[in-house]
Amino acid sequence: MSAEFTVDVPVRYRDLDPMNHVNHAVYASYLEAGRTAYLEDVAGLEPEEISFVIVDLQLSYERPITKGDEPTVALSVTRLGDSSCTMSYEIRVDGDVAATAETTIVHIDPDTERPSPVPHAIAQRIREHDGLEAVASR
């Protein structure tokens, strides 16, 4: 992963199944924590200003996360389109990969609730952070 952004996520008691493993569905919420922190820190958005929705989520489990683990979500933007953005993730524990994932998010106009171009200032911050080239206009 190049230009990765990382955030630590706590394992909460409610995340655990009876075997003290983090339930598989919780991994998606760990991705959300990383994605939200990225949009706040890199894109400069306040939580109430985040107007992206997930249109695709792929998640592969490599090993369990258990009670007492301290996971870190590492992510980078691998593609930035006119209205969409693809993010790749690793959830790591002590440097070992516990899961990999990819999401595609689409920017939504809050008034129309329809896809809309990613605002230029936000796209520029993402490009600069992740070392992406600007999309050529057609």
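A few remarks follow.
- Burial order of peptide ranges 72-83, 11-22 (average beta-carbon count within 10 Å, highest first): 72-83, 11-22
- Note on the chain: with charges restricted to the Cβ of Lys and Arg (+1) and Asp and Glu (-1), its dipole about the Cα centre is near 240 debye.
- The angle between the Cα long axis of helix 26-41 and the longest principal axis of the Cα atoms of the chain comes to about 40 degrees, rounded to the nearest 10.
- In percent, rounded to a whole number, the relative contact order of the chain is 27, using alpha-carbon pairs under 8 Å and six or more apart.
- Most mobile of GLU40, GLU49, GLU90 in a GNM of the chain (Cα contacts under 10 Å): GLU49
- Per residue solvent-accessible surface (Å²) - the chain, probe of 1.4 Å: 57 Å²
- Carbon and sulfur %, accessible surface of the chain computed with the full protein complex present, 1.4 Å: 46 percent
- 0 to 90° range, to nearest 10: angle between helix 120-130 axis and the chain longest Cα axis: 50 degrees
The values are calculated or read from the model by the stated rules, or taken from the named source; none is laboratory data. Treat the numbers as computed from the prediction; the structure is a model and nothing was measured. Note: ideal-geometry Cβ built from the backbone for every residue, glycine included; neighbour counts use all protein chains shown. Surface accessibility is based on the protein's heavy atoms, side chains included, excluding ligands, DNA and RNA. Shrake-Rupley method; radii C 1.70, N 1.55, O 1.52, S 1.80 Å.
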